[in-house]
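Colleague: Provided herewith is a single structure, encoded as structure tokens, for subsequent inquiry.
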Amino acid sequence: MTPRSRSSRSSRAVLAASALLMALAGTASAQTILKIGYTPPKDSHYGVGATTFCDEVEKGTQERYKCQHFPSSALGGEREMIESVQLGTQDLVNTSTGPLGNFVPETRIVDIPFLFRDYEHARKVMDGAIGQDLLKKMQAKGLIGLAWTENGFRHMTNSKRPILQASDAAGLKVRTMENKVHMDGYKTFGLLPTPMAFPELFTALQQGTVDGQENPIPVILSSKFSQVQKHLSLTGHVYSPAVLILSSRVWDKLSEADKKVFVAAAQKATVAQRKRVNDDEANGITQLKKDGMQVVEKVDGESFRKAVAPAYAGFAKEFGAERIAAIQAVK
């Protein structure tokens, strides 16, 4: 072999390697990694919803978009994550509506105690015109509400005593979300609402900083609150929706086709997350009893409804009695 042919072969090899590197670099640059955060662990209902969404987006965009999960409050509490999505430093959050009203005041209406009759009613409202209108309201705040997922009906736990009726709750210091509607309602039960970010809650319960907390069964299970709370009362006092929110910075860069993929993926996430809520509701009470919790399954719901009635005057003033009635009227 002559020096020239060796040189020619070497040049071709270099060119081939360069082409391969350029192709790989092109593939890498074409793939966008989305940061998605949520407060419970990955094996929770939030994790199920987030994973379904991400899998569908990955498939629908031929892996041009993939997700990096940040469960267990790795990116902060819900309020911090919503703010990060708004600023564009985080791409996605699967969050309850608890702190969302601080950014989109109109969404506070769904946090009114005893507004929803049951899961069927709540889901019809959120998937219907009222819920879809609330999603649109987020856009003006730099937040793209892709779909309503779900947290579930909230129940009370505490370390002091069983709660059978509203008067039993009086005087208990209970952690709440940073949500004025919740706090106004809970004060009518005689509770002492103590707003606190979720990542701080387990330690606060463990140390006795607060007596109790209120959350849906899936959160009580996944957060292992049975380790630090003795009593669970199935009060079902508030329905807690959740929502998949995307940063407008990501949304504005998407093609129309990709936007449809993201919305369809969020809708599939809703189905998966709600199914997990259903499963946790069906099996969770038995598990929590096994874990040592004393469960009051038959709570005097009427005593709570009577107690909260005075707060409805304030809610009607804030949101409009006709809007509240429209939600209650959905069949």
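No lab work stands behind these numbers, since they all come straight from the coordinates. This is a predicted model, so every value here is computed, not measured. Heads up, the Cβs are rebuilt from the backbone with ideal geometry, glycines too, and the neighbour counts pull from every protein chain shown.
Colleague: Quick one: which of Lys275/Lys306; Lys42/Lys268; Lys42/Lys290; Lys42/Lys224; Lys42/Lys173 span more than 20 angstrom between C-alpha atoms?
Modeller: Numbers: Lys275/Lys306 32 Å; Lys42/Lys268 17 Å; Lys42/Lys290 23 Å; Lys42/Lys224 14 Å; Lys42/Lys173 29 Å.
Violating the 20 Å Cα-Cα cut-off are Lys275/Lys306; Lys42/Lys290; Lys42/Lys173.
Colleague: Right, another one. Charges at C-beta only: +1 for Lys and Arg, -1 for Asp and Glu. How large is the resulting dipole of the range 209-331 about its Cα centre, in Debye rounded to 20?
Modeller: 280
Colleague: Share of antiparallel DSSP beta bridges in the range 32-324, in percent to the nearest 5?
Modeller: 60
Colleague: While we're on this one: Counting only helical runs of four or more DSSP H residues, what would the 222 nm mean residue ellipticity of the chain come to if each run contributes -39,500 (n - 2.57) and the total is spread over all its residues?
Modeller: Roughly -15000 deg cm²/dmol at 222 nm, from the helical runs in the chain.
Colleague: Among 209-216, 72-79, 297-304, how do they line up from the highest to the lowest mean number of other beta-carbon atoms within 10 Å?
Modeller: Top to bottom by mean Cβ count within 10 Å: 209-216, 72-79, 297-304.
Colleague: What distance in nm lies between label points placed 7 Å from Cα along the C-beta direction at Gln68 and Ala140?
Modeller: Going from the Gln68 label point to the Ala140 one covers 3.5 nm.
Colleague: Compute the signed sum of charges (Lys and Arg +1, Asp and Glu -1) over the other residues within less than 11 Å, Cβ to Cβ, of Gln68.
Modeller: Overall, the nearby charge balance is +1.
Colleague: Let me ask another. Once you keep just the Cα pairs under 8 angstrom separated by 6 or more residues, what percentage relative contact order results for the chain?
Modeller: Computed over the chain, the figure is 25 percent.
Colleague: Assign unit charges at the C-beta atoms only (+1 for Lys and Arg, -1 for Asp and Glu), then state the dipole size of the chain relative to its Cα centre in Debye, rounded to the nearest 20. Please list the in-between numbers first.
Modeller: Values: 42 positive and 34 negative charges, 192 e Å.
That gives a dipole near 920 debye.
Colleague: Within the set of other residues whose C-beta is less than 14 Å from the C-beta of Val85, count the net charge using Lys and Arg as +1 and Asp and Glu as -1.
Modeller: Once positives and negatives cancel, what remains is -1.
Colleague: Which order do the peptides 87-95, 120-128, 254-262, 273-281 come out in when sorted by mean C-beta neighbours inside 10 angstrom, highest first?
Modeller: 87-95, 273-281, 120-128, 254-262
Colleague: Please compute the volume of the convex hull spanned by the alpha-carbon atoms of the chain and report it per residue in Å³.
Modeller: Values: hull volume 52.6 nm³, N = 331.
With only Cα atoms used, the chain gives 159 Å³ per residue.
Colleague: Here is a further query. Pull up the cross-link candidates among the aspartates and glutamates for Lys59, meaning alpha carbon to alpha carbon under 13 Å and not fewer than 8 places away within one chain.
Modeller: Within the straight-line limit of under 13 Å, Lys59 reaches these aspartates and glutamates: Asp258.
Colleague: If we count other beta carbons within 10 Å of each Cβ, what is the order of Lys35, Lys141, fewest first? Before the final figure, lay out the partial values.
Modeller: Working: Lys35 19, Lys141 16.
Ascending Cβ contact count within 10 Å gives the list Lys141, Lys35.
Colleague: Once label points are set 7 Å from the Cα along Cα→Cβ at both Gln227 and Glu318, what is their separation, rounded to one decimal in nm?
Modeller: Taking the simple label geometry, Gln227 and Glu318 are separated by 3.4 nm.
Colleague: If you don't mind, there's one more thing I want to ask. Any chance you could check the Cα centroid distance between the range 172-230 and the range 61-82 for me, in angstrom?
Modeller: Here the two parts' Cα centres lie 24 Å apart.
Colleague: Return the FRET efficiency for the residue pair Lys289, Lys187: r is the Cβ-Cβ distance, R0 is 35 Å, and the value is rounded to the nearest 0.05.
Modeller: 0.70
Colleague: If you add up the charges near Gln273, with Lys and Arg at +1 and Asp and Glu at -1, over every other residue whose beta carbon is less than 15 angstrom from its beta carbon, what do you get?
Modeller: Net local charge, Gln273 excluded: -2.
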